[in-house]
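Have a look at the structure that comes next, please.
All of the numbers you see were taken from the coordinates with simple rules; none came from a lab. Note that the coordinates shown come from a computational prediction; the quantities given were computed from them, not determined experimentally. Note that we place each Cβ from the backbone using ideal geometry, even for glycine, and neighbour counts take in every protein chain shown.
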Amino acid sequence: MNAPAPQGIGLQVRDLCKSYNGHAVLNHLTFDVPAGEIFVLMGPSGSGKTVLLKHLIGLESPDAGEILVAGQPVSDPGVMTRYRVAMVFQSGALLNSLTVGENVGLYLSEHRLKPPADIARVVAEKLELLGLKGTTDKTPAELSGGMKKRVAIARALVVEPQLIFYDEPTSELDPLIAVTIGREILNLNRRLQVTSIVVTHDRDLAFGIADRVALLHEGEILALGSPDDVQANPNPLVQRFLKADFRFTPEPALP
Amino acid sequence: MFQDIGEILLLLGRTLRALPHTLRQQRKVCDQLFEIGNASLLMACVLSLFIGGVLALQTGPTLAERGLQSFIGQLVGLAVCRELAPVMMAVLIAGRIGSAMAAEIGSMRVYQEIDALRTMNINPVHYLVLPRLIAISIGLPVLVLFAILVGWMGGAIVSCFNEAIAVSFESYFNSLRQGIEPLDVVNGLLKSFAFAVVIGVVSCHQGLSTIGGPRGIGRSVTKAVVNSIVLILLLDYFLTRILMHLHT
Ligand SMILES: Nc1ncnc2c1ncn2[C@@H]1O[C@H](COP(=O)(O)OP(=O)(O)OP(=O)(O)O)[C@@H](O)[C@H]1O
Ligand SMILES: [Mg+2]
């Protein structure tokens, strides 16, 4: 293995604003993610988490404010060539015209980073890591939702990123695989100092792996800090979100 | 449609600038070429057989009444190679291949596959547009060459077997040979090359600018085909003028 050891790169967000059709989705967001951190973003559905990630990786351009990746504006085309950045999409976003193996190896083959035999080996390795042995020649249409998600994660890991974004990596996975993914996120971060930004609704995952947690609500950061700080945050909205569970008391039966 | 023309030209420019990357995309070019041939060659041949035939059928009796039936080879031959084959094949390909391009790229757009490419630092113009544009620019002229030959045959068959015309194969092809220079065929191929570029770039542009869900894809496909055909017919007039001018 002659894998270059990527060093994590940091990210800064300054006064980021974005609205769609007059509706503000991101509202003056400012925060830093230092290199090598696992930063978990939580928040209700529709609070703008996916939109935020798309801005952070440069797929969308903000109305105002700036995003710096390793100190350079993410809109600068050079950033993506100088640094390795990867994203796991909420939907997986696999290329349907390619097989699973081609999807996972796409970054390496398209940029001619390795000879085909090595690519095949790396692909097999990553697929096995995610419990997808034997799916190499399948097409995405033949996979279940959770399998697609794992292929998407494999595809991102192949990049050997210095900065990685996960959009709900465990949302369609059973608890066992979710734990594996969580462990892998942690591993990657501890081994290679990969800066990881994880959007998730899974509180166990969030508090299990996060260095810091941010809670997004209607485009604003409601709480930000270490997992303990956030859990102790007195804001009732934060508490409602973190404590919501299924064990409700049934209403008394009518007499 | 016309407000898109600026963007379409921009996309064309970006694709032309990506031309040095063609060799890297050769496998995709071949796949696309196969797609074009596979989807359209038979259809193109059948269509042009009938186009040549109907042209002979429409003009033959009138020529024969005036004793000019010996010119029918020349008439059908010129019309097919300079006008009908390039235009009809372009319309066929806009419907079969342009629509497929817009649908495929449009669904990649809607299902975030293009976003995924961009996060992998893969340029969608290099990866998607370039191979398609090259394949269609090679494929359509080849198809037109077939169409011309088959169209001439169609004209010959009708001229020979229709008793109102009754021109033998031999005199049909004699007249055709006398009336047509290789330059006329080149003329038709040049036109078809221009039409191919129009179909490719319009359809890819439409695909890339797809918004909304499956309905957006449907809209893109329709617009790609309609806009391509309109542009082809407009361009045809001006290209004919220019090529005529060069010819003389
Ligand atoms: N392209 C767009 N055009 C218009 N509105 C958009 C667009 N993208 C997102 N929005 C809006 O922005 C808001 C936030 O969407 P986003 O996808 O970021 O939510 P989310 O926090 O990721 O939710 P979930 O947890 O359900 O994935 C939503 O109200 C959505 O309607
Ligand atoms: Mg989301």
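For chain B, evaluate the Debye formula with one uniform point scatterer on each Cα (no solvent term) and list log10 I(q)/I(0) at q = 0.11, 0.13 Å⁻¹, rounded to two decimals.
-0.62, -0.80
I've got another one for you. Which percent of Cα-Cα pairs in the protein assembly as shown sits in each 20 Å bin, short to long?
20, 41, 24, 12, 3, 0
Straight distance only, please: which aspartates and glutamates reach the Cα of A:K18 with their own Cα at less than 14 Å, same-chain residues fewer than 8 apart left out?
A:E60, A:D63, A:E66, A:E218, A:E220
Then there is this: Can you give me the C-alpha center-to-center distance between the range B:192-236 and the range A:66-125, rounded to a whole angstrom?
Spelled out, the Cα-based centre of one part sits 30 Å from the other.
Round to a whole angstrom and tell me the spacing of the C-alpha centers of the range A:17-56 and the range B:20-39.
40
For A:Y20, B:Y237, which order do you get if you count the other beta carbons within 10 Å of each Cβ and list the fewest first?
Final ranking by Cβ density, sparse to dense: B:Y237, A:Y20.
Just need the Rg to Rh number for chain A, please, alpha carbons only, Kirkwood Rh.
Using only Cα positions, Rg/Rh for chain A is 1.00.
Subtract the Cα-Cα distance of A:K138 and A:R121 from 0.36 nm times their separation in residues, and report this length gain in nm to one decimal.
Separation in residues times 0.36 nm, less the Cα-Cα distance, equals 4.4 nm.
Which value, in debye to the nearest 20, describes the size of the charge dipole of the range B:13-130 about its Cα centre when Lys and Arg Cβ atoms bear +1, Asp and Glu Cβ atoms bear -1, and nothing else is charged?
380
How high is the FRET efficiency between A:S19 and B:C30 when r is their beta carbon distance and R₀ equals 51 Å, given to the nearest 0.05?
0.65
Here's something else I'd like to know. Towards the positive end of the charge dipole of the range B:25-247, with charges on Cβ (+1 Lys, Arg; -1 Asp, Glu), say which of B:Q32, B:S203, B:T240 has the farthest Cα.
B:S203
Which FRET efficiency, nearest 0.05, do B:L23 and A:H111 yield, Cβ-Cβ r, R0 25 Å?
Once the sixth-power term is evaluated, E becomes 0.95.
Which order do A:I164, B:I5 fall in if you start with the one that has the fewest other Cβ atoms within 10 Å?
Lowest count first: B:I5, A:I164.
Next question, about the same structure. Specify whether the C-alpha gyration tensor of the range A:135-210 places it in the rounded, prolate or oblate class, a ≥ b ≥ c being the square roots of the eigenvalues: rounded for a/c under 1.5, otherwise prolate if a/b is larger than b/c and oblate if not.
oblate
Let me ask something else. Between the range B:140-182 and the range A:130-153, how many Å separate their Cα centres?
Result: 55 Å between the Cα centres.
If I stretch the segment between A:Q72 and A:K243 completely, what's the gain in nm (0.36 nm per residue apart, minus their alpha carbon distance), one decimal?
My answer for the length gained is 57.7 nm.
Counting other beta carbons within 10 Å of each Cβ, put B:C81, B:C160 in order, fewest first.
Exposure proxy ranking, most exposed first: B:C160, B:C81.
Let's see if you can work this out: charge +1 on each Lys and Arg Cβ, -1 on each Asp and Glu Cβ, no other charges. What is the dipole magnitude of the protein assembly as shown about its Cα centre, in debye to the nearest 20?
620
Something else: Treating cross-link reach as a plain straight distance, find the aspartates and glutamates whose alpha-carbon is under 17 Å from the alpha-carbon of B:K191, omitting any fewer than eight places away in the same chain.
Cα-Cα hits under 17 Å: B:E83, B:E181, B:D236.
On a straight-distance basis, which lysines could pair with A:K126 in a cross-link, Cα separation under 21 angstrom, same-chain partners fewer than 8 positions away excluded?
Cross-link targets: A:K114, A:K138, A:K148, A:K149.
Per DSSP H run of at least 4 residues, take -39500 (n - 2.57); add these up for chain B, divide by its residues and hand me the 222 nm value, nearest 500 deg cm²/dmol.
Computed ellipticity for chain B at 222 nm equals -26500 deg cm²/dmol.
In the calculated pair distance distribution of the range A:88-160, what percentage of Cα-Cα distances lie above 15 Å?
I get 44 percent for the Cα pairs in the range A:88-160 exceeding 15 Å.
In addition: Let a ≥ b ≥ c be the square roots of the eigenvalues of the Cα gyration tensor of the range A:125-255; is it rounded (a/c under 1.5), or, if not, prolate (a/b larger than b/c) or oblate?
oblate
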